[in-house]
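So the structure is just underneath, and the comments pick up after that.
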Amino acid sequence: MSHFLDINRTAPEDLRAMIDSASAMKTARAGRPRAALDDAPVLDGHMVALIFEKPSTRTRVSFDVGVRQMGGQSLVLTGSEMQLGHGESIADTARVLSRYVDLIMIRTFAEDTLLELAEHATVPVINGLTDRSHPCQIMADILTYEEHRGSIAGRKVVWCGDGNNVCASFLHAAGRFGFDMTFAGPEALDPEAEFIGEARAAGRKIEISRDPFEAVQGADLVVSDTWLSMHDGPETRERRHNLLKPYQVNEALMEAAGPDALFMHCLPAHRGEEVTDAVMDGPQSVVFDEAENRLHAQKAVMRWCLGL
Ligand code: CP
Ligand code: NVA
């Protein structure tokens, strides 16, 4: 069963094949209406369930549109409206959905929910974000980086801010795609030691810095994300903001990174907090390419899961 649960649970050659497939599908669609079917509508006759236990704009729309472009059909399900949100077990939900659909994407809170769903489903399961990781986002980010700058292997990625779920998937990708990474953020919000250890064990240089200006020296890519993720309690807002303020990505920081460094953010962005308007809308920003590439990358992920 080809589940797409995390980048560090997927073989490097499969990840590379997905990026190449995404790039080819994107090129093949260039200039065509967005609703047009792909030349080979490989998902014809397939049904995909998209389950959301947290809000979403990009993941929801890009998966839905991606399924349709490939000739399949999708069902968008909200956790709270399913029996899942009212006491039915994850295992039973997995068994039941597997009788109806060919593929399940889930955005949820605990990673265990995703893993349990995958364990009991008899169709592939895709991680559309958990509290711990966001692999589909980073597949789109690798595609985006490589479109602009060529191979990401050997490059230096600097993460500025909270060592959160998106940062975790970047660390997973460092080991798999062979790039180095510096985390610039407060000690209290460091990424998980396990993920740093895995990337280092794969031979990557992973550094921790408390000084963002020092961290971005020689950066090929600077990345930021919200200071308060969907799973973070609102009562932590003030503390997090105070801790993270020094790590805002602004023009001065991008200048220190150098003119060739790109800026990425998975979005939604909180302009004026983790990133300024000048950077978001500036020449180094590729944030809307990233958003578009969710579509192309996830189409490749779905095809890989289904062996199509
Ligand atoms: N980046 C991302 O996953 O966006 P959504 O929360 O809108 O899906
Ligand atoms: N870290 C953010 C990413 C949103 C796409 C969150 O989990 O809310």
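The values are calculated or read from the model by the stated rules, or taken from the named source; none is laboratory data. Computed from a predicted model, the values in this text were never measured in an experiment. Cβ sites come from the backbone with ideal geometry, for glycine too, and all protein chains shown count toward neighbours. Areas reflect the complete protein model, heavy atoms only, side chains present, ligands, DNA and RNA absent. Shrake-Rupley method; radii C 1.70, N 1.55, O 1.52, S 1.80 Å.
Checking the stated criteria, M302 turns out not to satisfy the condition of being away from ligand 2 (no atom under 16 Å from the Cβ), touching a residue at least 12 places away in the same chain (Cβ under 8 Å), over 30 Å from F4 (Cβ atoms) and crowded, with 18+ Cβ neighbours inside 10 Å. Is it fair to say S229 is hydroxyl-bearing (S, T, Y), in contact with a helix residue (DSSP H, G or I) (Cβ under 9 Å, 6 or more places away or on another chain) and crowded, with 18+ Cβ neighbours inside 10 Å? Answer is no for this residue. Restricted to the stretch 34-62, and to residues there that are away from ligand 2 (no atom under 16 Å from the Cβ) and open to solvent by 90 Å² or more (accessible area, probe 1.4 Å), the residue that is nearest to M302 (Cα to Cα) is D44.
Criterion applied to F263, F288 was being aromatic (F, W, Y), open to solvent by 40 Å² or more (accessible area, probe 1.4 Å) and closer than 22 Å to T57 by Cα, and the one residue passing it is F288.
The residues of the stretch 179-205 that are closer than 14 Å to L221 by Cα and either of a type in the set (F, W, Y) or open to solvent by less than 20 Å² (accessible area, probe 1.4 Å) (or both), listed by number, are F179, M181, T182, F183, A184. Only a single item in (1) without any contact (Cβ under 8 Å) to a residue 40 or more places away in the chain; (2) under 19 Å from I104 (Cα atoms) is not met by L50, and it is number (1).
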